[in-house]
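Quick one: the structure is below, questions incoming.
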Amino acid sequence: MKNEDVIRILNEDFVRELEATLVYVRNSFIMKECDPSRVTEAIAVDEMRHMWWLADLITKRGGNPVMEHKELDFGGDDLQTMLRRQITLETEGIEKYKKQIEIVQDPEVTGVLKHIIEEEKRHRKEFNIRLQPISSEREFRE
Ligand SMILES: [Fe+2]
Ligand SMILES: [Fe+2]
């Protein structure tokens, strides 16, 4: 895989983390319930750390981090729909990073992606724990 392709993949991930950060920051203020709000706020900080890790990999390889995110989907203003949206974001990230690990040979990149996957799984679990009492169905088991 060419260096520019690695940078492109890392920038796709960087934008994904940027979007997660923005959605969680916003949702943490909209959630009226204290515990899920605090958890979402703390996880927003994790997502920003993921941005830093990816930006470090991007700049080390001669690229610049891309800040152009898509239109944001916050999941509405209801705790249940916000948590569901957040769980979807985590799952999409986990799946995307798993696929990337299979095609990127650079061990520094795959090491960071593996670390991020572990954190996203924990995030999904934290959101699921908050969704469970207010929902009859469970989105994803972990
Ligand atoms: Fe993340
Ligand atoms: Fe996450």
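Apply 1/(1 + (r/R0)^6) to the Cβ-Cβ distance of Arg8 and Arg122, taking R0 = 22 Å, and write down the FRET efficiency to the nearest 0.05. If you can, show how the numbers build up before the last one.
On the way: r = 28 Å, r/R0 = 1.25.
Efficiency, rounded to the nearest 0.05: 0.20.
Can I ask one more? Treating only the Cβ atoms of Lys and Arg (+1) and Asp and Glu (-1) as charged, compute the dipole magnitude of the range 31-86 about its Cα centre; round to the nearest 20 debye. Please report the intermediate quantities before stating the final value.
Values: 8 positive and 11 negative charges, 60 e Å.
Dipole magnitude for the range 31-86 comes out near 280 debye.
Using the Kirkwood formula over every pair of different C-alpha atoms, what hydrodynamic radius in Å results for the range 68-124?
Values: mean 1/r = 0.0796 Å⁻¹.
Answer for the range 68-124: a Kirkwood hydrodynamic radius of 12.6 Å.
Shifting gears a bit: Checking understanding here: applying a Kyte-Doolittle mean of at least 1.0 and a length along the axis of at least 15 Å (C-alpha), which whole DSSP H helices in the chain pass? Don't skip to the end; give the middle numbers.
Values: long enough: 3-30 (40 Å, 0.05); 34-60 (40 Å, -0.09); 79-103 (37 Å, -0.71); 107-131 (36 Å, -0.92).
Counting only whole DSSP H runs, no helix qualifies.
Which of the GluC sites (Glu not before Pro) across the range 26-132 are loop residues per DSSP, with 14 or fewer other Cβ within 10 Å? Numbers along the way, then the final one.
Working: sites: Glu33, Glu41, Glu47, Glu68, Glu71, Glu90, Glu92, Glu95, Glu102, Glu108, Glu118, Glu119, Glu120, Glu126; in loops: Glu33, Glu68, Glu71.
When the GluC sites (Glu not before Pro) of the range 26-132 are filtered for loop state and at most 14 Cβ neighbours within 10 Å, Glu33, Glu68, Glu71 remain.
Which one, Gln80, Ile116, Gln105, projects farthest toward the positive side of the charge dipole computed for the range 3-134 from Cβ point charges (K/R +1, D/E -1)?
Ranked along the dipole, the leading option is Gln80.
For the chain, what ratio Rg/Rh do Cα atoms give with a Kirkwood hydrodynamic radius?
On the way: Rg = 15.4 Å, Rh = 15.5 Å.
Answer for the chain: 0.99.
Separate question: Using just the helices of the chain, give the 222 nm mean residue ellipticity in deg cm²/dmol: DSSP H runs with n ≥ 4 each add -39,500 (n - 2.57), and the total is spread over all residues, rounded to 500. Mind dumping the intermediate values first?
On the way: 4 runs with 105 residues, N = 142.
Calculated mean residue ellipticity at 222 nm is -26500 deg cm²/dmol.
Name the longest site-free stretch of the chain, where the excluded sites are trypsin sites (Lys or Arg not before Pro) in a DSSP loop with no more than 14 other beta-carbon atoms within 10 Å. Kindly include the intermediate steps, with their values, before the conclusion.
On the way: sites that count: Lys2, Lys32, Lys70, Arg138, Arg141.
Of all site-free stretches, the longest is 71-137.
Bear in mind these aren't lab numbers, they're just calculated from the coordinates by the rules spelled out. The model shown is predicted, which means the values in this text are computed figures rather than measured ones. Positions of Cβ are generated from backbone atoms using ideal geometry, with glycine treated the same way; all protein chains shown enter the neighbour counts.
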